[in-house]
Each structure stands twice: as C-alpha cells, then as structure tokens.
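Peer 1: First, the structure itself, so that you have it in front of you.
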Amino acid sequence: MKIFRFIKDQALPVAMITGALAHAWVSRLSFLTPYLIFTMLLITFCKISWKDIRFHPAHLWLLLIQLAGSAGAYLLLRPFDETVAQGALLCILAPTATAAAVITGMLGGNVGFLTTYVLFCNIAVAVAAPVYFSFIGVHENLPFLQSAWYICRQVFPLLILPLFIAIALRKCVPAVHRALLSVPRLTFYLWTVALVIVMGITVNFMLSQARSNLGTGLGLAAVSLILCCVQFLAGRRLGRRYGDPVSSGQGLGQKNTILALWMAQTYLNPLISLAPATYIIWQNIINAYQLWRRNRPRTERGK
C-alpha cells in the first residue's frame with residue numbers, strides 16, 4: 001500500500017520532469033491527445049451513477065464564474081494584447097480535468113459533487129466554445145453560423161459523445177462497462193501518460209518560440225499563473241459557503257489542459273498554447289503541494 005501511495009503522490013512531478021527531459025521524443029505522440037481526452041471522459045462518465053446526479057447551487061456559481069469570467073478576462077485584456085487575452089479566456093473556459101475527481105478524493109473532498117460538475121462543465125463548454133471561438137479564432141472571418149458549426153462538429157463529439165457511449169454501455173453492454181470500472185485508477189494513469197506527452201509538447205514549443213515571441217510568452221505564462229491561483233482560491237472560497245472547499249477549488253482550478261492545448265492549436269494562434277501549457281505546471285505544483293499537506297503526519301500539520 002505504501003508503494004502505491006508513493007506512486008500516486010509522486011506521479012505528477014515525475015510525469016512533468018519526464019516529459020520535459022524527453023520532449024524531443026514524447027512530443028511526437030501529440031496525435032494521441034484527442035484519444036486520451038475521449039477515453040478519460042468515457043471512463044469518468046462510466047463511473048457516474050445517474051441516480052446520484054444532483055444539481056447543487058455551487059455548480060451554477062462555478063459555471064457562471066467559468067463562462068462569464070472567461071469572456072470578462074478576454075475583454076479586459078484585449079486592449080493591451082489580443083494573444084494574451086485569448087490565452088486568459090482559454091485558461092478560464094477550459095473544462096474541469098477528468099482527473100480532478102481523483103485528486104479531490106485524495107484530498108478528502110466530495111468526489112460525487114466533482115464528478116457531477118465535470119459532466120455539467122463539459123456540456124457547457126461544448127456549447128460555449130464554438131460561440132467564443134467563432135468570434136476570436138482563426139475562423140472568425142467566416143459567417144457566424146458556418147464558423148460555429150465547423151468548431152461544434154469537432155468539439156461537441158469529443159466532449160459529449162463519451163457521455164452517450166457511457167450510457168449505452170451501461171444499458172446494452174454491461175460487461176464492457178464493468179470492465180472499464182474494474183481498474184479504478186485507470187483515469188489517473190491515463191492522465192499521467194497524457195501529462196508526460198503534453199509536457200513534452202510544451203517544452204518543445206517553448207524552446208522553438210523562446211526568441212521570436214519572448215515577451216508574449218512571458219505574458220501568457222504570467223497570466224496563466226495569476227488565473228490558476230485566482231481560480232483555486234475563488235473555488236475554495238465559494239466552496240466554504242457550502243461546506244466543501246476542496247471540491248469547488250478543484251472544480252474551478254484544475255483544468256483539462258490537454259483539451260485546452262488542443263483547442264489552442266486547432267482554433268487559435270498556436271502561440272496561445274503557452275497559456276494552458278504553463279497552466280499545467282502551475283496547477284500541478286498546487287496539486288502536489290496540497291497532496292503533500294494532506295499526507296504529511298498530523299504532528300507536522302499542527303506546527
């Protein structure tokens with residue numbers, strides 16, 4: 001048991017370091033990104049007990065912060081730098097990470113609350129993202145409906161199709177459904193592999209852009225750091241009102257940065273991917289710190 005706990009606690013920093021050191025090789029595996037996103041969402045939705053799906057008032061507040069906050073951050077920063085403004089939008093708009101439920105459980109939060117929010121959040125982003133990107137993305141010159149449809153037909157299946165497949169497996173192929181649930185930490189392991197790949201892509205991209213876009217890159221990194229801290233803190237503060245700061249903090253702060261990277265590279269200026277790329281670093285430093293505080297001996301916590 002101690003070995004498994006050590007692996008869980010050290011997976012985040014090890015994955016980050018491995019991806020950074022082996023960036024030249026692992027970045028070639030970027031084509032796996034959408035498949036990893038799809039699989040992690042499918043397993044997450046398979047874990048949901050539909051009888052336990054309950055909308056909580058905190059879910060609404062988190063969604064409002066996410067959707068309105070992303071638009072507000074973009075409008076606030078746009079007069080200063082369009083690229084940084086789009087990076088800020090993406091750092092807030094990105095849905096909650098599928099692995100957030102795992103981290104929430106490890107931190108003693110309400111996994112059911114967080115898993116339900118992952119479902120609502122992905123549906124909301126699948127609807128909002130095509131609208132947002134139609135106005136600011138690479139297809140902004142197309143008519144709105146045409147641009148929105150182009151983006152929607154790629155984003156919506158990736159985020160929503162796993163939900164329908166999970167429902168179908170539960171009702172029609174229960175053996176497969178049980179097989180997916182028989183490995184309880186599979187989502188966390190997949191996320192760790194994805195993190196290695198994404199860190200490799202991040203480092204590779206940062207090295208290639210270091211000279212030509214240093215100022216913008218630093219701006220994107222700084223904005224992602226600020227927004228990461230703000231979202232974790234805002235989520236925890238909101239959660240305290242409902243007696244569960246951990247779940248709300250992870251729900252708002254821990255992002256599906258793999259999906260955000262894919263969105264940036266597909267619909268926006270590829271340079272913007274530096275925002276979610278560095279967000280990966282910040283959120284995992286915060287997660288590693290939270291896990292360390294949670295798992296240290298009680299005598300040390302009291303000091």
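Peer 1: For Ile160 paired with Glu82, estimate the spin-label separation in nm (one decimal), with each label point 7 Å from Cα along the Cα-to-Cβ line.
Peer 2: Between Ile160 and Glu82, the label points sit 3.0 nm apart.
Peer 1: Given labels modelled 7 Å from the Cα in the Cβ direction, how far is it in nm from Ser182 to Arg54?
Peer 2: Output for this residue pair reads 3.2 nm.
Peer 1: Same structure, new question: Between Ser208 and Phe38, what is the label-to-label distance in nm when each label sits 7 Å out along the Cα-to-Cβ direction?
Peer 2: 2.4
Peer 1: Would you calculate the convex hull of the Cα atoms in the chain and tell me its volume per residue in Å³? Display every interim value, and only then the final one.
Peer 2: Working: hull volume 44.6 nm³, N = 303.
Taking only Cα atoms, the chain has a hull volume of 147 Å³ per residue.
Peer 1: Multiplying the sequence separation of Ala222 and Leu64 by 0.36 nm and subtracting their Cα-Cα distance, what value in nm do you get? Write down the numbers at each step before the final one.
Peer 2: Numbers: separation 158, 0.36 × 158 = 56.88 nm, distance 2.38 nm.
Result for the pair: 54.5 nm of gain on full extension.
Peer 1: Determine the relative contact order of the chain: mean sequence separation of Cα pairs under 8 Å and six or more apart, normalised by residue count, in whole percent.
Peer 2: Details: 403 pairs, mean separation 96.9, N = 303.
The normalised contact order for the chain reaches 32 percent.
Peer 1: For a paramagnetic label modelled at 7 Å from the Cα of Ala288 toward its Cβ, which residues of segment 214-240 fall within the zone defined by backbone nitrogen distances under 16 Å?
Peer 2: So the set is empty, nothing qualifies.
Peer 1: Between Thr266 and Val193, what is 0.36 nm times their sequence separation minus the Cα-Cα distance? Round to one decimal in nm.
Peer 2: On the way: separation 73, 0.36 × 73 = 26.28 nm, distance 2.15 nm.
Using 0.36 nm per residue and subtracting the Cα-Cα distance, I get 24.1 nm.
Here, each number is a calculation from the coordinates, and none is a lab measurement. No experiment lies behind these values; they were computed from the predicted model shown. For neighbour counting, all protein chains shown are included, and Cβ atoms are generated from backbone atoms with ideal geometry for every residue, glycine included.
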